[in-house]
Structure formats: C-alpha cells, structure tokens
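See below for the structure under consideration.
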Amino acid sequence: MILQDKLGEEADTFYKALISAHEGLTEAQSHTLNARLVLMMANQIGDLGMLTDIFETALQDLPD
Amino acid sequence: MAYDYTPFPYTPPPGLTHAEPRHRVVIVGAGPIGLAMAVDLALQGIATVVLDDNNVVSVGSRAICWAKRSLEICDRLGIGERMLAKGVTWKVGRNFHKGDQVYAFDLQPDMGFKYPAFINLQQYYVEQYLIDRAREFSDLIDLRFLNKVIAHTDCGDHVKLEVSTPDGDYPLEAEYYIACDGAGSPTRERMQLALDGQTFDENFLIVDVEMETSPFGDHATPERWFWFAPPFHSGQSALLHKQPDNIYRIDLQLGPDTDPKEEATEAKVRPRITAIVGDAPFRIDWMSVYRFRCARLNRFVHNRVIFAGDSAHVVSPFGARGGNGGIQDVDNLGWKLALVLQGKASPELLESYNEERVEAADENMFNSACATNFMTPRSSIERLFRDQVLALAARHPFARKLINSGRLSQPCVLSGSSLQTSGSAPLSPGHALLDAPLTGRAGPAWLVTEAQGRFTLVTANDQPLPDITGIERIGIDQAESCYPCFADSEGCFKARYGTAHIYLFRPDGHVCAVFDTPDVDAIVTAHNRAMGATQ
C-alpha cells in the first residue's frame with residue numbers, strides 16, 4: 001500500500017505537536033506514549049483490513 | 001571573481017556646521033531593508049535621510065534566496081529585473097538521507113509569472129542595486145555613510161538623534177525613525193527591548209566557495225540540495241546552493257559543542273568542503289559560524305520609532321524568511337507611512353503595520369523553527385521519528401510532506417487584518433496578488449507591474465469600473481475604456497481570479513476587498529477601511 005498525504009497544510013503543525021508530546025519524557029515513557037498512540041489511532045481508523053495493510057507496509061524494509 | 005567592495009564616499013553632513021531642519025523620515029541602516037524603505041518612500045514623494053555606520057555593502061553573501069514575492073516587490077521598487085538578470089534561477093530541490101535521494105520537489109510548475117519562485121543572489125548585489133536606484137532620487141534620498149547614530153529620544157511628535165561622524169557629532173530631528181539596523185540593532189539595545197523566542201543550541205558553519213567545476217556534477221540546471229545525515233558529514237545536515245559568479249553556498253551543521261572561533265578557520269573548513277565538492281580546486285570567499293534564533297520584538301511600532309527587518313525579528317535561515325520577511329515589512333509599511341505623512345490617513349494606520357507584520361513574523365518563526373527542529377533532533381525519540389519519516393518518504397507521499405529542510409518563504413495571508421473587508425473569491429481578501437501575463441496597447445505586460453503601488457480595482461467581468469478618487473482601475477478583456485485595459489492573452493488572469501469578481505488591491509498588492517458588482521458605496525467603504533478609517 002502507498003500512503004497518500006491526508007494532513008495537507010497541517011503536516012508541520014501535527015509533527016510539532018507529536019514531538020512536543022514527547023518532550024521531557026524518558027525513553028521508557030516515550031515507548032509507553034507511542035503504544036497508547038498506536039492503540040488510540042487504530043481505534044480511530046476502525047477498519048481491520050486497513051490496519052492489517054498498514055502493519056504489513058510498516059514492516060517492510062525494517063532495519064536490523 | 002571576488003566582489004569588489006568599493007567604499008561609498010563620505011561627505012560631511014550639513015548638521016556639523018548648522019542646525020538641519022526637521023526631516024520627515026530618518027532610516028537607520030543602509031542594508032537591503034533600509035535602502036528598500038528609502039526607495040519605496042521616494043516613489044511616493046517622501047524624502048528620507050539614510051544613516052549607516054559603515055561605508056560598504058554587506059560583506060559576505062548573507063541573504064541569498066529571494067522569493068517570488070520579494071522579486072515582485074523589488075519590481076515595484078525598480079530593481080526586480082536587474083536582480084532576475086544577475087541571479088541564479090532555481091526551482092528544483094532535492095532532499096537526501098545518507099547517500100540516497102529521498103524526495104525532489106519542483107517549486108513552480110505553473111507558467112505565467114514574471115518572476116520565478118526563487119533566485120539566488122548575494123546580498124551585496126541587492127544592496128548595490130538599491131543604492132544605484134536610491135541615487136536616482138537624489139532630491140529625496142540623502143544617503144549618509146559613516147554616520148553612526150549614538151543616541152535617540154522619542155519626543156512624542158518627533159525623534160531627536162545624536163549622530164557621530166569622522167568629523168564629529170551632530171544632532172538631527174525627524175518625524176519618524178525607522179530602525180533597519182539589523183539583528184544586533186543598536187536602536188533596540190538603547191530602548192532596552194528584548195527579542196523573545198527560541199535559541200537553537202546547534203552551531204552552523206556557512207561558507208561561500210568559488211569554483212569553476214560545479215559541485216552539482218552533471219546537473220546542468222541549478223538546484224538546492226539538502227542532506228540529512230550525509231555520508232561526508234556524519235550525523236549532521238548539509239545544504240548546497242548555487243549563486244552567481246560561480247559561488248556556491250554551503251551550510252553545515254556542526255553540533256552544539258563546537259567552538260565557533262576555532263571552526264571558522266581555513267584549516268578547519270577546507271577539509272569539510274573537500275568532503276562535499278571532491279578534489280576540484282576552490283577558493284573560500286566568506287565564512288561564518290552561527291547559532292540561530294527564532295525571536296521577535298513584542299511590538300514593531302513604538303510611537304515614532306518603527307522597527308523593520310532583522311531589528312524586529314530574526315529567524316534561522318532554513319526557508320529564506322529573513323531577507324524576504326524584511327522586504328515584505330517594507331512593502332507593508334511604505335504606503336502606510338506615506339499616507340500618514342501626506343495627511344491622507346491617521347497615524348493609527350501604522351498600528352496595522354504592527355498587527356500584520358507581527359502575524360507574518362510569527363508565521364515565519366513557526367516555519368523556520370519547525371525546519372530547524374527537524375534537522376537538529378534534540379532527543380533520541382525525536383531523531384527516531386525524523387529518521388523514520390525519511391525512511392518512509394521513498395515510497396509514501398504522506399511522509400514526503402513531513403520532511404522539512406525549510407518551508408520556503410511564501411507571502412503571509414493577512415485574512416484577519418482589520419484593514420480587510422471579508423469576502424470570498426478565487427483569491428480572497430488578505431492574499432498577495434498572483435501575477436498574470438497580459439497584453440496591452442503597448443505590448444506584453446504583467447499584472448505585478450501594472451497593479452502595484454496604488455490602490456487599484458481590477459476585474460475581468462464586463463461591468464465598467466467606477467471612477468473613485470484615489471483608486472486606479474484596470475480592466476481585463478473589457479471593451480476600450482477611459483482606464484487601462486489589457487487582454488488576458490494566456491488565460492492566466494481568468495484562471496487565477498475568475499470573471500465574477502472585482503478585486504481591490506492595496507498598494508502592497510494584497511487583496512483588501514472583493515465585490516460582485518461595481519457598487520461605489522461598498523468600494524469607498526472598503527477603501528476607507530483599508531486606509532485605517534474606523535467605522
């Protein structure tokens with residue numbers, strides 16, 4: 001699957017918010033935050049087929 | 001060949017021997033912003049005295065990327081075509097991660113603009129062209145080199161200055177004092193005004209090299225190359241840009257723990273450059289080590305003292321928002337100050353300069369800070385996100401949109417400004433004009449050249465435009481009329497503006513109102529609002 005852009009003009013604002021959310025956290029806390037984010041975003045997507053495709057796509061070319 | 005920094009002549013100013021009459025405007029700083037300000041005011045018949053503590057143009061290339069909007073403003077000031085002829089036009093940017101290209105962009109795929117998205121031109125050329133242009137207004141622009149302002153006092157309805165020259169000090173008075181004295185503004189220091197914002201810990205090395213062989217290799221057209229973590233400069237970032245005269249700009253991130261004095265030496269810099277350009281011979285033209293800030297004054301207008309350019313706001317260079325932001329300050333302030341000095345608008349109109357350019361500075365700071373953060377991750381998690389954006393970008397368009405090696409300067413949209421009359425059209429109020437090629441009785445023309453510098457009504461609908469004092473008119477594809485009419489010879493005007501609306505442009509080319517019909521009362525009301533009248 002090829003993921004087209006859906007953030008449009010908000011891309012930089014989103015990225016800034018994501019990085020700000022992690023600011024000041026320990027690495028372990030950041031892992032926890034990321035896990036929560038994945039679960040919450042998956043629920044918002046709410047489409048198992050799409051989620052499975054995303055898992056497969058994200059696993060491609062995973063560095064060693 | 002290295003630029004010839006011929007000093008400008010110093011002439012002892014009249015104030016040394018007798019008291020000068022109070023001037024209308026004194027501009028402190030003869031950099032690109034101060035000089036552009038003087039030319040803009042001269043075009044409107046306003047005399048200025050320009051004071052500078054130095055007597056040469058900018059040493060080193062400094063601001064090099066001039067955006068389309070700046071070129072359009074410089075077109076109005078009379079140096080746009082000269083900049084375009086000398087500058088290097090580029091529009092393709094390539095982003096690399098390690099050794100591989102991850103994404104390339106084309107800045108301006110559309111045709112039908114007099115000026116390209118960007119040119120690269122050293123700041124010293126822009127200053128030289130502005131000085132040449134200023135000298136064409138010898139009765140209005142009084143350029144005084146080696147005149148250093150050492151004190152100033154705001155006296156309510158004028159400002160008193162103390163100026164130091166090689167022949168001694170003298171006093172000067174002016175109704176308005178425009179501080180264009182740069183990032184280290186002595187005016188700001190004297191007034192004890194702080195710049196608030198973000199400072200980045202990273203040091204960046206900026207080097208101009210002159211070389212015959214292009215470091216871009218076989219790429220015939222000039223481009224902008226940006227590397228995240230390049231193989232030749234481990235873990236950091238690098239930028240390569242071409243300027244005229246075979247000069248290439250190289251920016252290298254050095255990390256937070258480097259000593260700027262030690263880094264800015266030929267012995268340290270040469271091997272870093274060789275790592276990028278290979279074995280080809282080169283000459284180092286200029287170098288500097290910077291730590292960037294994104295910060296601004298709380299207010300740009302302090303009664304009779306007005307700040308413009310870097311004295312008011314500083315940004316990191318990624319996105320070319322420093323020089324371009326300053327030129328837009330001039331464009332915004334020039335017509336307002338002229339109207340106030342001509343008695344056609346209340347001094348309160350100047351408050352809208354503060355409102356509009358503070359908003360623009362915030363937009364420029366946001367964009368520059370986002371880019372700088374993206375290229376200098378401050379934590380391991382930030383670096384992880386950044387590197388995965390770059391990794392995903394090869395296949396996924398969404399990730400390309402997140403790569404940030406600088407969001408290149410765009411004109412600010414002034415939609416919330418109190419001078420605008422709200423409305424909806426293909427180009428809505430607040431936007432800067434979009435150029436279009438036209439054909440007039442005298443031959444080919446451009447909208448930017450015809451419609452800037454005055455309040456102007458422009459339409460491509462078939463209803464005649466009314467004659468209103470203080471407003472010029474331009475008809476597109478209209479029958480012959482008593483005002484200038486042009487043919488939309490390539491269809492660009494209609495594509496960008498449609499045919500349903502009448503647009504009212506401010507002198508700085510921003511749309512301030514749109515109308516469905518040539519309703520004189522509505523147009524007069526919008527015109528008055530744009531000049532600061534409170535209803």
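Using heavy-atom solvent-accessible surface (probe 1.4 Å) with all chains present, what is the largest-first order of B:M111, A:M50?
B:M111, A:M50
Which of the residues in the stretch B:396-423 lose at least 50 Å² of accessible area when you go from the chain alone to all protein chains together (probe 1.4 Å)?
B:H396, B:P397, B:F398, B:K401, B:L402
Answer with one residue from B:A264, B:A275, B:S316: the one whose Cα lies farthest towards the positive end of the charge dipole of the stretch B:260-337, charges on Cβ with Lys, Arg +1 and Asp, Glu -1.
The listed residue farthest towards the positive side: B:S316.
Write down the Å³ per residue value for the convex hull defined by the alpha carbon atoms of the protein assembly as shown.
For the protein assembly as shown, the hull spanned by Cα atoms encloses 186 Å³ per residue.
Under a Cβ-only charge scheme (Lys and Arg +1, Asp and Glu -1), can you give me the dipole magnitude of chain B about the Cα centre, in debye to the nearest 20?
1060 debye
Expressed as a whole percentage, what fraction of the accessible surface of chain A belongs to carbon and sulfur atoms when a 1.4 Å probe is rolled over the protein heavy atoms?
Whole-percent figure for carbon plus sulfur exposure: 61.
Under the definition of Cα pairs under 8 Å and six or more residues apart, what whole-number percent is the relative contact order of the stretch B:344-449?
Relative CO of the stretch B:344-449 lands at 20 percent.
Find the centroid of the Cα atoms in the stretch B:478-535 and in the stretch B:293-311, then give the distance between the two in whole Å.
32 Å
Given R₀ = 35 Å, what would the calculated FRET efficiency be for B:V524 paired with B:N303, taking r from the Cβ atoms and rounding to 0.05?
Approximately 0.70, to the nearest 0.05.
Among bridges DSSP assigns within the stretch B:437-530, what percent are antiparallel (round to 5)?
Restricted to the stretch B:437-530, the bridges split so that about 70 percent are antiparallel.
Non-local amide H neighbours of B:W446 (under 5 Å, H modeled in plane, Pro and chain starts lacking H): which ones?
B:L438
Please give me the summed charge of the neighbours of B:D157: other residues whose Cβ is under 13 Å from its Cβ, Lys and Arg +1, Asp and Glu -1.
Neighbour charge sum, excluding B:D157 itself: +1.
Decide, for the stretch B:437-530, between rounded, prolate and oblate: order the square roots of the alpha carbon gyration tensor eigenvalues as a ≥ b ≥ c, take rounded if a/c falls under 1.5, and otherwise choose prolate if a/b is larger than b/c, else oblate.
Since a/c reaches 1.5 and a/b is larger than b/c, the shape of the stretch B:437-530 is classed as prolate.
Please give the Cα centre distance for the stretch B:419-464 versus the stretch B:64-132, rounded to the nearest Å.
The stretch B:419-464 and the stretch B:64-132 have Cα centres separated by 23 Å.
I'd like the distance separating the alpha-carbon centroids of chain A and the stretch B:344-416, in whole Å.
Comparing the Cα centres of chain A and the stretch B:344-416, I get a distance of 21 Å.
With a 1.4 Å probe and all protein chains left in place, how much of the accessible area of the stretch B:199-291 comes from carbon and sulfur atoms, in whole percent?
That fraction is 49 percent.
Grab the DSSP H runs of chain B that are 4 residues or longer, score each as -39,500 (n - 2.57), total them, divide by all residues and round the 222 nm result to the nearest 500 deg cm²/dmol.
-8500 deg cm²/dmol
Choose one of A:L62, B:N303, B:A479: the residue whose Cα lies farthest towards the positive end of the charge dipole of the protein assembly as shown (beta-carbon charges +1 Lys, Arg; -1 Asp, Glu; about the Cα centre).
About the Cα centre, the residue reaching furthest to the positive side is A:L62.
List the relative contact order of chain B as a percent without decimals, with contacts defined as Cα pairs under 8 Å and 6+ residues apart.
Value for chain B: 14 percent.
Can you give me the solvent accessible area of B:E81 with a 1.4 Å probe, rounded to the nearest 10 Å²?
Per-residue accessible area (B:E81): approximately 120 Å².
Taking the full set of protein chains and a 1.4 angstrom probe, give the accessible area of B:R24 in square angstrom, rounded to the nearest 10.
Its heavy atoms expose roughly 90 Å² to the probe.
Anything losing 40 Å² or more of accessible area from the isolated chain to the full protein assembly: pick those residues out of the stretch B:338-371, probe 1.4 Å, ligands and DNA/RNA ignored.
B:F366
For the pairs B:K242/B:K494; B:K160/B:K344; A:K16/B:K86; B:K86/B:K148; B:K336/B:K494, flag any whose C-alpha to C-alpha distance is greater than 28 Å.
Violating the 28 Å Cα-Cα cut-off are B:K242/B:K494; A:K16/B:K86; B:K86/B:K148; B:K336/B:K494.
Specify whether the C-alpha gyration tensor of chain B places it in the rounded, prolate or oblate class, a ≥ b ≥ c being the square roots of the eigenvalues: rounded for a/c under 1.5, otherwise prolate if a/b is larger than b/c and oblate if not.
Verdict is oblate for chain B.
How much accessible surface does B:H510 have with a 1.4 Å probe, in Å² rounded to 10?
Counting only protein heavy atoms, B:H510 exposes about 10 Å² to solvent.
Shape of the stretch B:199-291 from its Cα gyration tensor (a ≥ b ≥ c, root eigenvalues): rounded if a/c is under 1.5, otherwise prolate when a/b > b/c, or oblate?
The shape class here is prolate.
So with the 1.4 Å probe, I'd like the accessible area per residue for chain A, rounded to whole Å².
78 Å²
Tell me the per residue accessible area of chain B using a 1.4 Å probe; a whole number in Å² is fine.
Averaged over the residues of chain B, the accessible area is 38 Å².
Got the relative contact order for the stretch B:199-291 handy, in percent, Cα pairs under 8 Å and 6 or more residues apart?
Taking the mean separation of contacting Cα pairs over the length of the stretch B:199-291, I get 45 percent.
Express the carbon and sulfur contribution to the solvent-accessible surface of the stretch B:346-504 as a percent, rounded to the nearest whole number, probe 1.4 angstrom.
Answer for the stretch B:346-504 is 54 percent, counting heavy atoms of protein chains only.
With a 1.4 Å probe, how much accessible area is buried between chains A and B, both sides summed, in Å² to the nearest hundred?
Approximately 1800 Å² gets buried when A meets B.
If I histogram all Cα-Cα distances within the stretch B:280-386 using bins 10 Å wide from 0, what percent of pairs lands in each bin?
13, 34, 25, 17, 8, 2, 0
Looking at chain B, do any whole DSSP H helices span at least 24 angstrom along their long axis by alpha carbon and average -0.5 or above on Kyte-Doolittle, and which?
Correct list, ordered by number: B:323-341, B:349-375.
The values are calculated or read from the model by the stated rules, or taken from the named source; none is laboratory data. Not measured: the values here are computed from a predicted model. Cβ atoms come from the backbone with ideal geometry, glycine included; neighbour counts cover every protein chain shown. Side chains included, ligands, DNA and RNA excluded: accessible areas come from the protein's heavy atoms. Shrake-Rupley method; radii C 1.70, N 1.55, O 1.52, S 1.80 Å.
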